[in-house]
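Right, one structure below, let's go through it.
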Amino acid sequence: MLDISELARPSGLSAATIRYYEEIGLIRSSGRRGLKRLFEKKVGTRLALISLGRTAGVSLSEIRGLVGTEGRPDLGRSTLSRQADRLDEQIKELTVFRDGIRHIAACSAENHLDCPRFKRIMRIALMRGP
């Protein structure tokens, strides 16, 4: 059994994040040692899966559906494939923005607002929203 600080250290997650994951049902503690929550070692694997999902842009509610709170994760191939498609789309968008920023950095226009490419990037950003 690991207390929350022993679980947090190797995972790189804060104790507050681990408590939140428990609160929303992604993980489950097995008891307490004094005031500290105790977790089985296998929760570390679940945290790694959650972190992998977050890195891939999967929402916590989607992750909950994939890993649940008990047993083995159910990583549906169609769900994973859809997420990979979303990542491909994000990569395309980010590549366009990266290339645009590089152009703007080297642009000879006296003012960025005079640069047609900068104006196009601003329109795209506006349509995309925050």
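The values are calculated or read from the model by the stated rules, or taken from the named source; none is laboratory data. Keep in mind that this is a model prediction, so the values were computed, not measured. Positions of Cβ are generated from backbone atoms using ideal geometry, with glycine treated the same way; all protein chains shown enter the neighbour counts.
I'd like to check something: does region 112-121 contain any residue that is within 26 Å of TYR20 (Cβ to Cβ), at pLDDT below 85, among the hydrophobic types (A, V, I, L, M, F, W, C) and not in a loop (DSSP other than H, G, I, E, B)?
no
Got at least one residue in region 34-47 being of a type in the set (Val, Ile, Thr), under 25 Å from LEU126 (Cα atoms) and in a helix (DSSP H, G or I)?
Applying the first criterion (of a type in the set (Val, Ile, Thr)) to region 34-47 yields 43, 45.
Filter again for under 25 Å from LEU126 (Cα atoms), leaving none.
No: region 34-47 contains no residue that is of a type in the set (Val, Ile, Thr), under 25 Å from LEU126 (Cα atoms) and in a helix (DSSP H, G or I).
Pick from ILE18, ILE91: which is among the aliphatic types (A, V, I, L, M), surrounded by fewer than 14 Cβ atoms within 10 Å (Cβ to Cβ), at pLDDT 90 or above and not in a loop (DSSP other than H, G, I, E, B)?
ILE91
Can you tell me which residues in region 64-88 are among the hydrophobic types (A, V, I, L, M, F, W, C), at pLDDT below 85 and in a helix (DSSP H, G or I)?
Within region 64-88, LEU66, VAL67, LEU80 qualify.
What is the one condition in (1) surrounded by 10 or more Cβ atoms within 10 Å (Cβ to Cβ); (2) of a type outside the set (Lys, Arg); (3) within 18 Å of ILE18 (Cα to Cα) that THR55 does not satisfy?
Failing condition for THR55: (1).
Here are LEU38, LEU13, LEU60: which of them is outside the structural domain of ILE91 (by TED's automatic domain parsing), closer than 26 Å to ASP85 by Cα and touching a residue at least 24 places away in the same chain (Cβ under 8 Å)? Let's see the steps before the verdict.
Values: LEU38 fails: closer than 26 Å to ASP85 by Cα; LEU13 fails: closer than 26 Å to ASP85 by Cα.
After applying the criteria, what remains is LEU60.
Among the residues of region 90-98, are any over 30 Å from ILE124 (Cα atoms) and free of Cβ contacts under 8 Å to residues at least 12 places away in the same chain?
no
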